[in-house]
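Heads up: the structure comes next, in structure tokens.
The values are calculated or read from the model by the stated rules, or taken from the named source; none is laboratory data. Fair warning: this is a prediction, and the values are worked out from it, not measured in the lab. Please note: Cβ atoms are built from the backbone with ideal geometry, for glycine as well, and neighbour counts cover all protein chains shown. Surface areas here come from the heavy atoms of the whole protein model, side chains and all, with no ligands, DNA or RNA. Shrake-Rupley method; radii C 1.70, N 1.55, O 1.52, S 1.80 Å.
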Amino acid sequence: MRMLVRREHSTLELTNKLTAKEFDQEDIDAVIASLIQQNYQSDERFAADFIQMRFNQGKGPIKISLDLKQRGIDRFDMSEYDFYALAYKIRKQKFGQAVPSDFKEKAKQQRFLQSRGFSFEHISQSFRAT
């Protein structure tokens, strides 16, 4: 319960943390099932909070998807988030509004956005928006 009070956790995260503390696997499964039944733990709620947090940090959909899958979440919905606008905002904050005319500078900006987890379409659009 103390783990869930601080922040949402996925089922996989809880299982891994409790396993690391050397609890019996049957006890872990029973406790997690009880938490889910009482609605103290929800993978859907965890995914929604996680996506919002990463979006606010300026992360793209590819990075968010990978992070969620590492935490055991396979189903999630990011359709309400505008990653095109976010990519533009992040590029503008880091490099300014002007679109680079130099190939090296443009490639540098593209690599930066790619490292943040944006797709090629998001990156391309971030250079077109004004």
With the first residue restricted to region 1-25 and required to be among the charged types (D, E, K, R), and the second required to be part of a loop (DSSP other than H, G, I, E, B), Cβ contacts under 9 Å at 6 or more apart or on different chains are Glu8/Gln41; Glu8/Ser42; Glu13/Arg71; Glu13/Gly72; Lys17/His9
Among what's in region 84-103 and is surrounded by 13 or more Cβ atoms within 10 Å (Cβ to Cβ) and of a type in the set (Gly, Ala, Ser), pick the residue that is nearest to Ile64 (Cα to Cα). Ala87
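For region 111-125, give me each residue that is surrounded by 12 or more Cβ atoms within 10 Å (Cβ to Cβ) and without any contact (Cβ under 8 Å) to a residue 40 or more places away in the chain.
Residues of region 111-125 that are surrounded by 12 or more Cβ atoms within 10 Å (Cβ to Cβ), as a first pass: 112-114, 116-119, 122-125.
Once the filter is applied, which keeps residues that are surrounded by 12 or more Cβ atoms within 10 Å (Cβ to Cβ) and without any contact (Cβ under 8 Å) to a residue 40 or more places away in the chain, region 111-125 yields Phe112, Gln114, Ile123, Ser124.
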If only one of Lys104, Lys108, Lys89 is charged (D, E, K, R), assigned to a helix (DSSP H, G or I) and touching a residue at least 24 places away in the same chain (Cβ under 8 Å), which one is it? Lys89
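Please note which helices (runs of 4 or more DSSP H) are completely contained in region 1-83 and include at least 1 residues that are open to solvent by 30 Å² or more (accessible area, probe 1.4 Å), in contact with a Gly (Cβ under 8 Å, 6 or more places away or on another chain) and within 30 Å of Phe112 (Cβ to Cβ).
Working: elements: 2-6, 11-20, 25-37, 43-56, 61-70.
It comes to 61-70.
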Does Ala47 meet the test of being free of Cβ contacts under 8 Å to residues at least 12 places away in the same chain and aliphatic (A, V, I, L, M)? no
